Amino acid sequence: MSLRLGDILIEQHLITPQELERALAEQQTTQKPLGQVLRAMGLISERKLLQVLAQQQGIAFVELKDIPIEPGLIQKIPAKLVWHYKVMPVSLVANVLTIAVSDPFDVWPIEDLETHLGFRVEKILATSQDINDALKKYYGVGAETIEKILAQESAAPGFSVPADKDKIEDIEKMSEDASVIRLVNQILHEAIQSRATDIHVEIYRDELTLRYRIDGILYDVPVSNDIKYLYPAIISRIKIMSGLDIIERRLPQDGRAKTRIGNKEYDLRTSVIPTIYGENIVLRILPTTMLFDIAQLGMSAQDQETILQLLKKPHGILLVTGPTGSGKTTTLYTALSKLNTRSRKILTIEDPIEYELKGAAQTQVNVKIGLTFAVTLRSMLRHDPDVMMVGEIRDFETAEIAIQTALTGHLVFSTLHTNDAASAVTRLIDIGVEPYLIASSVEAFIAQRLVRVICSHCKEGFDLRSDIVASEFLAADASLILPESSGVKIYRGKGCKICNQTGYFGRSGIYEILLPREEIKKMIVQKTPSDVIKKQAVALGMRTLKQAGWEKILTGVTTPEEVLRVIQ
């Protein structure tokens, strides 16, 4: 006679007799299985419970990530069935199909699969999270929805975009179909759950690919091969959401949309470009509300104090430099948030507006109608501003007006695309700004990068002196200091479920702040090369991006490989 579940749990010291009594009393009220009651009360994890149930029932408990699953098996088992019952096919030997389930007492999946497929079905146990992860990995995002849509379509599959008006109307109707709306929502939901900042929908000769940018790196997303047949409907649905023209396929288009996932709202910035095989779409995902906190940027205490002192300046320019995606906009908004009081008038000129900042008047550049940075900036001077943000200095006219604005008593924030802080001087001179104006108007050049943070759940320590990459990193720059204490460690993430096997989770900033002191100003006026200016700034106490990165390596925030990736 097999032991009862409660007795096994007590025998294995997973719960106490008192906890079992409480659970049994709760079970009398809810009439739910004991295992569900124990989990709902937080007395046992799903993994531990399933391991015990596997022992009691005489079936196997498995880690699905460790089991290779044949692609041919996935093609034989319909997505709609496995997603409906939340079960994962594991193997098919002769006529016996083995599936992973998270509830050993649910007989409906077994009976339904046997009826529909004609196989004899056997079950093994796995956690619901493992099953869900495996379904996404092998079947792809929205696989069951894709299968359902295609089953409803009587026309032969084909994904070239029709040119005639009737077909365009058909596509528009299809894009408003509940199933297509659900598919696009599933893609958005999965992206947000994965912490993606961008969704890339890309069409090629014979496939449609989906990629998410997570922590600055693009990752392929598993999707059903059949998603290519829904290409017109997906593109049209996204265009309709973003207020774009679904008929226009020859020209790039940009739009915006707002969506709610769970209890949070997100702004979607949509960009469509025509390619040889059709249109590609990129969706930038932006939260509608963000807490801009200088302490969360990743700056050292010294850098934070420097920035706070700069924000007290009544006038001048603060220039943030770095490549696309290095966090410049977030830094600027954090600075604006610090200054955003009712006693100040804040105006911004952006292309595009990424975040809404209550209390600031934000203007979107529109080059098509002549609303450029320079034109808008000139007009805004008549709006009595205290603080202005210019999204980017792209040309001489914008730079000239921004400098004149700063010299006439306004605090101006802007960005430049340069590799380091000193190079911003050369860049301004290259676009035609007089060196003496740069020296007299710019209060700080701030270069920045975003480095991925080591996942705290799978973080491992290594001896710094025996690590090849760290040793080479250290040897390449004489200004980097090795702590005198023995046994100094660096850290890496070995990869886990939490970080999607990458070893990283989240990002943090590294900063290089060049303050134009008198010696630096003289060098600017004399058009001194940027590398000489940088050496002088370092001699005066500036910390370089590499030095800031080295500090984050020593404190276990990131890895040598990651710092090298972003600064090289």
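With the requirement that a residue be touching an Asp or Glu at 6+ places or on another chain (Cβ under 9 Å), among the charged types (D, E, K, R) and within 27 Å of Thr324 (Cα to Cα), what does region 216-248 give you?
The one that is touching an Asp or Glu at 6+ places or on another chain (Cβ under 9 Å), among the charged types (D, E, K, R) and within 27 Å of Thr324 (Cα to Cα): Lys239.
Which count do you get for residues in region 421-437 that are surrounded by 17 or more Cβ atoms within 10 Å (Cβ to Cβ) and either in contact with a strand residue (DSSP E or B) (Cβ under 9 Å, 6 or more places away or on another chain) or free of Cβ contacts under 8 Å to residues at least 24 places away in the same chain (or both)?
7
Name the residues in region 363-413 that are of a type in the set (Asp, Glu) and either closer than 24 Å to Thr426 by Cα or at pLDDT 90 or above (or both), would you?
Asp386, Glu392, Asp395, Glu397, Glu400
Surrounded by 15 or more Cβ atoms within 10 Å (Cβ to Cβ), modelled with pLDDT under 90 and not hydroxyl-bearing (Ser, Thr, Tyr) - does that describe any residue in region 212-224?
yes
Can you find even one residue in region 306-313 that is at pLDDT 90 or above and buried (at least 19 other Cβ atoms within 10 Å of the Cβ)?
Yes, region 306-313 contains at least one residue that is at pLDDT 90 or above and buried (at least 19 other Cβ atoms within 10 Å of the Cβ).
Based on this model, can you work out whether Pro89 counts as outside any helix (DSSP H, G or I) and in contact with a strand residue (DSSP E or B) (Cβ under 8 Å, 6 or more places away or on another chain)?
yes
Can you name the residue in region 327-346 that is touching a helix residue (DSSP H, G or I) at 6+ places or on another chain (Cβ under 8 Å) and either crowded, with 22+ Cβ neighbours inside 10 Å or of a type in the set (Ser, Thr, Tyr) (or both) and is also farthest from Glu400 (Cα to Cα) among such residues?
Thr334
Return the only residue of Arg565, Arg492 being over 21 Å from Gln296 (Cβ atoms), in contact with a Ser or Thr (Cβ under 7 Å, 6 or more places away or on another chain) and either at pLDDT 90 or above or polar (S, T, N, Q) (or both).
Arg492
Among (1) modelled with pLDDT of 90 or more; (2) open to solvent by less than 10 Å² (accessible area, probe 1.4 Å); (3) not in a strand (DSSP E or B), which single condition is Ile199 missing?
All conditions pass for Ile199, except number (3).
Of the residues Gly42, Gly72, Gly58, only one is free of Cβ contacts under 8 Å to residues at least 24 places away in the same chain, surrounded by fewer than 16 Cβ atoms within 10 Å (Cβ to Cβ) and closer than 18 Å to Phe119 by Cβ; which?
Being free of Cβ contacts under 8 Å to residues at least 24 places away in the same chain, surrounded by fewer than 16 Cβ atoms within 10 Å (Cβ to Cβ) and closer than 18 Å to Phe119 by Cβ holds for just one of Gly42, Gly72, Gly58, which is Gly72.
The values are calculated or read from the model by the stated rules, or taken from the named source; none is laboratory data. Keep in mind that this is a model prediction, so the values were computed, not measured. Neighbour counts run over all protein chains shown; Cβ positions are idealised from the backbone, glycine included. For accessibility, only protein heavy atoms count, side chains too; no ligands or nucleic acids. Shrake-Rupley method; radii C 1.70, N 1.55, O 1.52, S 1.80 Å.
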